[in-house]
Amino acid sequence: QNHHASEAVSACLGSVNLKGRSCLTLKDFSSDEIKKLLWVSGDLKHRIKHEKQYLPLLQGKSIAMIFEKRSTRTRMSTETGFSLLGGHPCFLTSQDIHLGVNESCTDTARVLSGFCDVVLARVYKHSTLEELDREASIPIINGLSDLYHPIQILADFLTLQEHYGSLNGLTVSWIGDGNNVLHSFMMTAAKLGVHLKVATPKGYEPDKGVTEEAHRLAKQHGTQLILTSDPMEAARDSNVLVTDTWVSMGQEEEKKKRLKDFHGYQISMQTGSVAKSDWTFLHCLPRKMEEVDDQVFYSSRSLVFSEAENRKWTIMGLIVSLLTDYTPQIPMLKF
């Protein structure tokens, strides 16, 4: 019975084709499409890392990486991942490319479409990505915007998939700021059968439109979505505790006020004491002391370093899915 069920799922996911698509937000991706991305990512990790295979799937291809904001993980994962697959990454900062200032987004998109096969852009405004995508004839990937951070969420779910063996029925608790990473969780969790509990201080709630869509998705997929301003309520009976920086790049002036408003939001073993006995911790990094204490951050419950490594395998999985007709060889992951 189960064997046939998993064969049916494999056949269904096997026929999912994302070639030529852009990835600005996982809001645009169905349940099966997100599962396919995770499956391809897990497959590449297995074949390249564990089986030591050389897979030049992106031989002769190049990626333009536009960075309006600096980043360790997004840059390193994309550069190392793209070259590991035989392709050529080109890194462009705001010193190299004056997006929308010296040259319009429209012109930049058209020029880059003639040079490379895909663009990853890490930008301030989400509308910059939408403009690039409208004018480019190649896929555009969101490397982070003020609204969403889809490539982080793929890494987070691959990490949980590896740790728990399956995602369906897990409860993830977000304790922190209503930011772009949370928005991406909200656009994805329900599609993977994951319950989401969100604690944000008053005034730091997630975007209204994103919240409405997340409620709709939870209803559609039969999952729970709970929003509160009480960190302990969010942590109760949860499998995964997640937080992120409270002071993002560009918000430094508000730091004092934010630290005061987020009082009581630091994740500690006390927060974990009300969670399920198998609870784990995620953080997309870079991490600061006020968000999570050392005891949790460096404990065996903390998956942050495999989560960071999975940024590489998931960006590889995403790019391979958008640029090729690759079919995974390992058996379907359990969802």
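In Å², and per residue, what accessible area does the chain have when probed at 1.4 Å with the other protein chains present? Don't skip to the end; give the middle numbers.
Numbers: 14420 Å² over 335 residues.
Each residue of the chain exposes 43 Å² on average to a 1.4 Å probe.
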Quiz item: log₁₀ I(q)/I(0) of the chain at q = 0.15, 0.16 Å⁻¹, via Debye over equal Cα point scatterers, no solvent, to two decimals?
Solution: -1.30, -1.46
Quiz prompt | Share of carbon and sulfur in the accessible heavy-atom surface of the stretch 26-115 [1.4 Å probe, %] | solution = 48 percent
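Roughly how compact is the stretch 201-335, stated as its Cα Rg over 2.2 N^0.38 Å to two decimals? It would help to have the intermediate numbers written out before the result.
Numbers: Rg = 17.6 Å, N = 135, 2.2 N^0.38 = 14.2 Å.
That works out to 1.24 for the stretch 201-335.
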Quiz item: What is the Cα coordinate range of the stretch 8-135 on the first, second and third principal axes, sorted by size from largest, in whole angstrom?
Solution: 50, 31, 26
Quiz prompt | THR72 paired with THR324, simple spin-label distance in nm, labels 7 Å along Cα-to-beta-carbon | solution = 3.0 nm
Quiz item: Expressed as a whole number of Å, what is the distance separating the alpha-carbon centroids of the stretch 119-190 and the stretch 12-65?
Solution: 15 Å
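List, in the order given, every pair from LYS27/LYS219; LYS202/LYS256; LYS197/LYS312; LYS49/LYS69 whose Cα-Cα distance in the structure shown is over 24 Å.
LYS197/LYS312; LYS49/LYS69
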Exercise. Whenever you get a sec, line up HIS163, HIS221, HIS263, HIS50 from highest to lowest accessible area (probe 1.4 Å, protein heavy atoms).
Key: HIS263, HIS50, HIS163, HIS221
Self-check item: the stretch 202-335, accessible surface, carbon-and-sulfur percent (1.4 angstrom probe)
Solution: 52 percent
Quiz item: Where Lys and Arg each count +1 and Asp and Glu each count -1, what net charge lies around VAL101 among other residues with Cβ under 14 Å from its Cβ?
Solution: -4
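Which of the peptides 304-311, 32-39 is most tightly packed, and how do the rest follow, judged by the mean count of other Cβ atoms within 10 Å per residue?
Details: 304-311: 19.6, 32-39: 22.1.
For the peptides 304-311, 32-39, the packing ranking is 32-39, 304-311.
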Quiz item: At a probe size of 1.4 Å, how large is the accessible area of CYS90, to the nearest 10 Å²?
Solution: 50 Å²
Quiz item: Tell me, what is the percent relative contact order of the chain, built from C-alpha pairs under 8 Å that lie six or more residues apart?
Solution: 22 percent
Practice problem: Take each uninterrupted DSSP H stretch in the chain, measure its Cα extent along the helix axis, and return the ones at 18 Å or beyond whose mean Kyte-Doolittle hydropathy is at least 0.5. | Solution: 304-323
Quiz prompt | Positive dipole terminus of the stretch 8-59, leading residue within PHE29, CYS12, ILE48 (C-beta point charges) | solution = ILE48
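Taking all pairs of distinct Cα atoms, average 1/r, flip it, and tell me the Kirkwood hydrodynamic radius of the stretch 76-160 in Å to one decimal place.
Details: mean 1/r = 0.0727 Å⁻¹.
It works out to 13.7 Å.
The values are calculated or read from the model by the stated rules, or taken from the named source; none is laboratory data. The model shown is predicted, which means the values in this text are computed figures rather than measured ones. Cβ atoms come from the backbone with ideal geometry, glycine included; neighbour counts cover every protein chain shown. Just the protein is used for accessible areas: all its heavy atoms, side chains included, with ligands, DNA and RNA removed. Shrake-Rupley method; radii C 1.70, N 1.55, O 1.52, S 1.80 Å.
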